[in-house]
Each structure stands twice: as structure tokens, then as C-alpha cells.
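Visitor: First, the structure itself, so that you have it in front of you.
What follows is calculated from the coordinates using simple rules that are stated; it is not laboratory data. These numbers come from a predicted model, not from an experiment. All Cβ positions, glycine included, derive from the backbone under ideal geometry; neighbour counts span all protein chains shown.
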Ligand SMILES: NC(=O)c1ccc[n+]([C@@H]2O[C@H](COP(=O)([O-])OP(=O)(O)OC[C@H]3O[C@@H](n4cnc5c(N)ncnc54)[C@H](O)[C@@H]3O)[C@@H](O)[C@H]2O)c1
């Protein structure tokens, strides 16, 4: 890493904004945070205070207009991402944006076009690619350690559903939660999915159903190379955050389990037990959040390849839209149907 520091502006001081801001402030010496903003000024001020950020500004525009800000982290709600990417690109800022880019492809395409035109960097926040467990699984596929992959199972269950207000603004489970698993599936198999079939429903909370969403699903993916995969999602698992994967290949299998706060095992006359897994993404994926931000900084400062591109962000949304359609129409949906619909607009 060169001696140059990347000057950041941060938009959004909620759950994920807090994770990225703390990472940038306390773990990345290559970064200097210039300013932060949030629609809730007090939230930005509190985070700035804790992280030693001297400038809290009142609007996103002030970040874009500040010539000393070289790169922005977009950590605001999903429905703001595409417009903010366009504004940031026009202002010549390098961009890290949380997933998903947007909930429809025309807005995503407009954002990616603005990025292309401005020639700036855009990295999307699929942090799980940087998780040590998942990176090891990808390596086993890439190097042929388990031969040719045949089957994959991704288990991805949350400890508890988010608030209903978040559910309503999130775009629904496929585009908010499963979207990570869609990206993981492409990343781990290193190939594209061609067809998706979903079976699911509302098993956790009727309010989620009333908000027009579902909370439980099995999603079957068929890849171009013939691999068949399942994604098993639920918004509630009584024992905490459940994040596992297994791939069966022609020479063997690779599997990763959950991460625990400690390795202790208690054995008594009646049972053998251990503590629950790390509870949610802020704990389980903390290291991956730091690694993804470091990779963004290296892409900008050192010109290294962007590890998660706008196209990756778009493809995960195509898969999410295909899953929605499959659930609604009770049938397998080919990804071409979604891509062609977007092209026809
Ligand atoms: N990569 C991950 O694992 C991960 C995890 C959580 C959330 N996310 C994504 O991050 C985004 C934010 O999610 P969150 O859980 O932090 O939500 P949140 O509601 O906790 O925080 C969002 C923050 O943005 C602020 N805000 C709202 N509108 C704004 C605007 N126009 N400009 C600036 N600030 C605005 C809100 O006041 C709030 O403080 C979502 O798109 C979500 O999908 C990603």
C-alpha cells in the first residue's frame, strides 16, 4: 500500500453505515474520513463523535460538492442508492455502494451508465465474498480440489426478522436478504445461473405477509454448467444466525459451518453443549466488512481490480426478480426472461 490516503465522505449512519464508518475510522490507516451525513442529523453526529470525524454535513449534496472528498460510501436505504450513484459519478467521486443497487433494472442501468461515463470506480457491498470461510470454498472450486462441482447447498437464516418498516422499504426478502446468497452462489460456483425455481411462504410473522413479503423459502438454482443448488432462507432461526455452505464435487466435498464466539464445549452427565453461533451480520461478518473496504481502497489507490462490480450488483438483482416471478407464478423462471424484459423497455 502506498503512503497516499483516500479521503472519504460517508452517507448514512444507520446499521451498516456504523459498521463501515467504524472500520474506516479504526481499522484502515489508508483512509481519512472527511465528512459524514444522514437524513437524521443527530445519528450522523453521534457516529461522528464516536469516530472522531470533524465534519457532519446537512445534505448528501454537500458531500458531492466537497472537492476534498475523493470517494463516497453509500450506506443509506436501498431506494436512495441508484440516484446517489448517479450524483456521485457526475461529481467524479469513487463509489462504494451497499447492496442492492436498486430494485428495478432500468434504475440500475442508468446508474451503471453514469459510472461508465464518468470513468469512476464502483464497488457493491457483497461482503460475504471476503469472508474467510466462503473464500476457502471458492478456492476449492477454482483449484479443482473437489473436482467438478455438482451440487451446492447454501443455508442462510437470520436470527430475527427486521422491523416491518424496514421490510416495506427493503424490496422484499429476495432482493434484500437472498440477494447475498444469489451473489454467493455465482461467486462460489464461478458460473452463471440460468434458471430459478422458488417454493416459500410466510411462516414467521403474518405482518410480513401483510406487507406483501414472504419470510421462508427454498430456492433451486440451475447453473449453465449443470450444477444444481439450493438456497434455504428463513427470517428467523431460534438459535441465531445460520450461515453454512456445502458443495459436492466429483472428487469430494467442501463444507463450512457457523462461527462461534468461543470454542468451548461443555460436557455433563446429561448432555454435550456449546454456546450459540455469532448472532448476526455485524458480528459474524465483521472481518469481511473490513476486507471489502480495504479492497475498495486498494482498487482506488493502487488500481487493483474491483472485486465486486456494478455488473455483479445487477446480476444479483436479475436473480432476485426471477425469484419473485417464480414465487408469484409457481414455475421455474429462466434469467433470460428478466434480462429480455429489461432490454425491451
Ligand atoms: N452488506 C450487508 O450485509 C448489509 C447489511 C445491512 C444493510 N445493508 C444495506 O445497507 C442499506 C442501509 O441499511 P441499514 O440496515 O443500515 O438501514 P438503517 O435504516 O439502519 O440505516 C439507514 C440510514 O440512512 C439514513 N437515511 C435515510 N434516507 C437517507 C438519505 N436520503 N440520505 C442520507 N441518509 C439517509 C437513515 O436516517 C438511517 O440512519 C440498505 O440498502 C441495506 O440493504 C447491507
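Visitor: Can you show me the helix-derived [θ] at 222 nm for the chain, built from DSSP H runs with n ≥ 4 at -39,500 (n - 2.57) apiece and divided by the number of residues, rounded to the nearest 500. Walk me through the numbers before you get to the answer.
Guide: Values: 14 runs with 143 residues, N = 345.
Only helices count here, giving -12500 deg cm²/dmol.
Visitor: Angle check, please: helix 105-118 long axis (alpha carbons) against the longest principal axis of the chain (alpha carbons), in degrees 0 to 90, nearest 10.
Guide: 40 degrees
Visitor: Report for the chain the percent antiparallel among DSSP-assigned beta bridges with both residues inside it, nearest 5.
Guide: Numbers: 32 of 58 bridges.
Looking only at bridges with both residues in the chain, the antiparallel portion is about 55 percent.
Visitor: Moving to a separate point now. Give the angle, between 0 and 90 degrees and rounded to the nearest 10, that separates the Cα long axis of helix 81-90 from the longest principal axis of the Cα atoms of the chain.
Guide: Helix 81-90 sits roughly 40 degrees off the main axis of the chain.
Visitor: Moving to a separate point now. May I ask for the angle, rounded to the nearest 10°, between helix 15-26 and the longest principal axis of the chain, with both axes built from Cα atoms and the value confined to 0 to 90°?
Guide: 60 degrees
Visitor: Also: Relative contact order for the chain: what percent, with Cα pairs under 8 Å and sequence separation of 6 or more?
Guide: Worked out over the chain, it gives 19 percent.
Visitor: Order the peptides 297-304, 141-148 from the highest to the lowest mean number of other Cβ atoms within 10 Å of their residues.
Guide: Most protected by this proxy first, the peptides run 297-304, 141-148.
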